[in-house]
Amino acid sequence: MSEDTFYLAVSQYLVGEEGVFDSLVEHRAWTKSAYDSGTLLFTGRQDPPTGGVLGFRAPSRAAAEAFVASDPFSINKVATYTLIAVTPTHAPWRSPLFDAFMDGA
């Protein structure tokens, strides 16, 4: 298992639906880049759509804060994020796929 920590970043929209839509193309490009680099495990919108959730790995809390600060939703003041560091329960109570993600496989 890598030395990275798993984080949940829960966002809260600061603007209405139109404001979210205005930054959505940039935000999706940012998330695609993070998926491609192996940083992100999942993303999704909250229900009801008051914000979203990112599941990702980072080597430190400072790196996790820098990661969400680089999101166009943060840069354009569309949303703020609350970070939650998670220590997953060890096997056999978690999927080996999670370990592969955390190891960058």
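The values are calculated or read from the model by the stated rules, or taken from the named source; none is laboratory data. The structure presented is a predicted model; accordingly, all values stated were derived computationally and were not measured. Cβ atoms come from the backbone with ideal geometry, glycine included; neighbour counts cover every protein chain shown. The area values use the complete protein model at the heavy-atom level, side chains included, leaving out ligands, DNA and RNA. Shrake-Rupley method; radii C 1.70, N 1.55, O 1.52, S 1.80 Å.
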If R0 is 41 Å, what FRET efficiency do you get for GLU26 and THR89 from their C-beta distance, rounded to 0.05? 0.70
The chain - percent of accessible surface contributed by carbon and sulfur, probe 1.4 Å: 59 percent
Treat every Asp and Glu Cβ in the chain as -1 and every Lys and Arg Cβ as +1, leave all other atoms uncharged, and give the resulting dipole magnitude about the Cα centre to the nearest 20 debye. 120 debye
Jot down the radius of gyration and Dmax of the chain, Cα atoms only, both in angstrom. 14.1, 44
With the 8 Å Cα cutoff and a minimum separation of six or more residues, the chain has a relative contact order in percent of 44 percent
With unit charges on the beta carbons (Lys and Arg positive, Asp and Glu negative) and the dipole taken about the Cα centre of the chain, which residue among THR5, PRO48, HIS27 sits farthest to the positive side? THR5
Which one, PHE98, VAL15, PRO72, is farthest towards the positive end of the dipole of the chain when Lys and Arg carry +1 and Asp and Glu -1 on their Cβ? PHE98
In degrees between 0 and 90, to the nearest 10, how far off the longest principal axis of the chain does helix 17-36 point, with axes built from Cα atoms? 30 degrees
Can you give me the accessible area per residue for region 65-105, using a 1.4 Å probe, in Å²? 62 Å²
For 41-51, 78-88, ranked highest to lowest by mean beta-carbon neighbours within 10 Å, the order is 78-88, 41-51
Please work out how much length the chain gains when fully extended from GLN46 to LYS77, using 0.36 nm per residue of separation minus the C-alpha to C-alpha distance, in nm with one decimal. 9.4 nm
